[in-house]
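The values are calculated or read from the model by the stated rules, or taken from the named source; none is laboratory data. These numbers come from a predicted model, not from an experiment. Note: ideal-geometry Cβ built from the backbone for every residue, glycine included; neighbour counts use all protein chains shown.
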Amino acid sequence: MDRTDKLHQQVNRFGALLVDAFHYLALFAIGAAIVWSAIYAFVSISTAKSHASIEDILLLFIYLELGAMIGIYFKTNHMPVRFLIYVAITALTRVLIGDVQAHHNPDWSMLIVSGAILILALANLVVRYSSARFPSPASSIDKA
């Protein structure tokens, strides 16, 4: 092994170390922001209102799903796409409930939001089926 190969190997190790450091720093920052936002929302709900509405509870579920997604990503280095779909479904459900409570009359927006929820549910079904039927091979990063 010549000197250039050793230098190249050391630079690659240092680069991988920097990428991993940024990766963990970003995960901790995102996780802290989620916890901070969830605590703020919970405190706002408990101090400003005498009870939590269904919209408030769904907001807390969104924070829970985001936190779970960060935890899974932290442990496995894989982005759980299903959790993003769950967050989107929960957010659209929150919008739908808020729209129904505010207007009390059905209109096209209810149908559009319901259709979007259905499309996301079907996308989740496709993701689950394809990941079970066609599992991805372990990457070289996972083997190291």
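In the set (1) more than 26 Å from A121 (Cα to Cα); (2) touching a residue at least 40 places away in the same chain (Cβ under 8 Å); (3) among the charged types (D, E, K, R), the condition left unmet by D5 is number (2). All of L27, L66, L92, L58 fail the test of being closer than 26 Å to R128 by Cα and in contact (Cβ under 8 Å) with a residue 40 or more places away in the chain, apart from L27. Take the conditions (1) over 24 Å from N124 (Cα atoms); (2) surrounded by 12 or more Cβ atoms within 10 Å (Cβ to Cβ); (3) β-branched (V, I, T); V81 misses just one of them, which is (1). Would you confirm, using the coordinates I've provided, whether S109 is surrounded by fewer than 15 Cβ atoms within 10 Å (Cβ to Cβ), part of a helix (DSSP H, G or I) and not hydrophobic (A, V, I, L, M, F, W, C)? Criteria met by S109.
Would you please name the residue that is nearest to G31 (Cα to Cα), looking only at residues in the stretch 69-101 that are among the small types (G, A, S) and at pLDDT below 90? My answer is G71. Taking the stretch 1-45 as the range and being more than 25 Å from D99 (Cβ to Cβ), of a type in the set (G, A, S) and surrounded by 12 or more Cβ atoms within 10 Å (Cβ to Cβ) as the test, the residues that pass are A16, G31, A33.
Residue-wise test of (1) more than 20 Å from V95 (Cβ to Cβ); (2) within 13 Å of the chain's Cα centre (by Cα).
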{"site": "F22", "(1), (2)": "yes, no"}
{"site": "S46", "(1), (2)": "yes, no"}
{"site": "F61", "(1), (2)": "no, yes"}
{"site": "E65", "(1), (2)": "no, yes"}
{"site": "F74", "(1), (2)": "yes, yes"}
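Of all the criteria given as (1) assigned to a helix (DSSP H, G or I); (2) over 18 Å from the mean Cα position of the chain (by Cα); (3) without any contact (Cβ under 8 Å) to a residue 12 or more places away in the chain, the one not satisfied by I97 is (3). Between A88, A121, A102, A132, the distinction of being in contact with a helix residue (DSSP H, G or I) (Cβ under 6 Å, 6 or more places away or on another chain), in a helix (DSSP H, G or I) and among the small types (G, A, S) belongs to A88 only.
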